[in-house]
């Protein structure tokens, strides 16, 4: 909605309105299962919360949104009771509004709300979730009109947020799209990573079914670079999109990391959250957990892991160890609050130096070292410095490594002529075009920008889909 067309509202009166509390299941209830902790607004609550929007002409929330959703326009339509119209506003700019509303941190649109100055910002994220869920109940989700067939074929590698976005937009543009996914089911990190208590997998399954009805073909269990070569794809398709994400875990080089009971974050989260039959074969081995679990790291994945650990049967102690202080922890405040509410424990300024095992090669204890904070490093956070003679040992049954992720260059190195960045990502002309050094080969999302959030991946992929469409039509 253009700035000049923003509705005229009584801003002074709206600034006095009280926020509508965000319903969440109580901690003592939600730790007993893996169901979503968010309770959706009722229609009355959603309309009341939307009616607090000041309809700012500058729309700082829209500017802060990586996808630039016209949030004031959507909330105005919701305020009028037009859920379908509000959902269409989101659909104009976002391919995953039903998921972004669940997973986006408040540091995007919500923190940009002018009402933050009064300590009561509009709950823009949960309204987005409500609008798109209510639209499905009220109107289903009709398929958009597609352009006439172009005769062009596109291979999309990876079915995470970036891959799904490119697949949707290029299919609507009239191209034939096949998505290759190495796991047994499509969804990428949305399925094999995000815990159910943050995102019910039915939302992902519904999106996949909608894309299939649109005409997108999914081929799962295909590890491109092994099951099929890039040379073959380049010969069979007119363009290829690389959307494999950043899933290669950072593993510390310390003694004992190979012991049984040392787990990687994504495998741990998937095994705890997903049915056995849809796990990759290498993750289907039975591995009981607990009762004492440590999580290493301080990011959002670490919070997901500690919150998963407290829900596992038989676990009596779930503790997160982080080498910096609470103030330097990169996890978002809401995830940290939820972890504390659910019984997660935290030990600050401690870093592992050795994993100790028993005679059977099973983890039994971890040796930690106390850290002090020095001068800020390149991240802007104070650098952790080991304190000599401060080692201490803690008995433990399992430990989860949640220390970050990087792109995996092993498959990309097989592509003739593809230039890579030093960290293993494909070198692109820009994040707006996603053009690589190989004609017809494009990339976006976490594979290019590094491990990040859903909304930035969708934003990048939308731009790259436009560049791919122009390429396929001979316009660029």
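Throughout, read-outs are computed from the coordinates displayed, never taken from laboratory work. None of the values given here were measured: they were computed from a predicted structure. Virtual Cβ from ideal backbone geometry, glycine too; neighbours counted across all protein chains shown.
Numbers below:
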item	result
Spatial separation of Cα centroids for region 129-158 and region 373-388, in angstrom	47
Calculated on alpha-carbon atoms, Rg and Dmax of the chain in Å	23.3, 74
Global form of region 35-114, assessed from the alpha-carbon gyration tensor, a/c cut-off 1.5	rounded
Estimated 222 nm signal from helices in the chain, with DSSP H stretches of n ≥ 4 weighted -39500 (n - 2.57), rounded to 500	-9000 deg cm²/dmol
Region 138-254 shape via C-alpha gyration tensor axes, a/c threshold 1.5	oblate
Size descriptor, Kirkwood hydrodynamic radius, that averages inverse alpha-carbon separations across region 309-375, Å	13.8
Sites residue 334 and residue 32 - FRET efficiency at Förster radius 22 Å, r taken between beta-carbons, to 0.05	0.60
Radius of gyration and maximum dimension Dmax of region 3-139, Cα, Å	14.5, 50
Relative packing of 430-438, 22-30, which averages over residues the other C-beta atoms within 10 Å, highest first	430-438, 22-30
Rounded FRET efficiency, nearest 0.05, which uses the C-beta distance separating residue 254 from residue 422 and R0 of 25 Å	0.55
Rounded Å value of the spacing that divides the Cα centres of region 227-302 and region 34-68	33
Ratio of Rg to Rh over region 277-431 (Cα coordinates, Kirkwood Rh, two decimals)	1.03
Calculated FRET value between residue 153 and residue 205, using beta carbons and R₀ = 30 Å, to 0.05	0.70
Descending semi-axes in Å of region 19-61, equivalent ellipsoid built from Cα gyration tensor	29, 12, 8
Extension gain from residue 381 to residue 229, taking 0.36 nm per residue of separation minus the Cα-Cα distance	50.5 nm
Full-stretch length increase - residue 395, residue 359 - with 0.36 nm per residue and alpha-carbon distance subtracted	11.4 nm
Square roots of five times the Cα gyration tensor eigenvalues for region 96-181, Å	33, 16, 11
Share, in percent, of DSSP beta bridges within the chain that are antiparallel, nearest 5	40
Whether region 314-353 is rounded, prolate or oblate, judged on the alpha carbon gyration tensor where a/c under 1.5 counts as rounded	oblate
Added length on full extension, which subtracts the Cα-Cα distance from 0.36 nm per residue, residue 145 to residue 88	19.1 nm
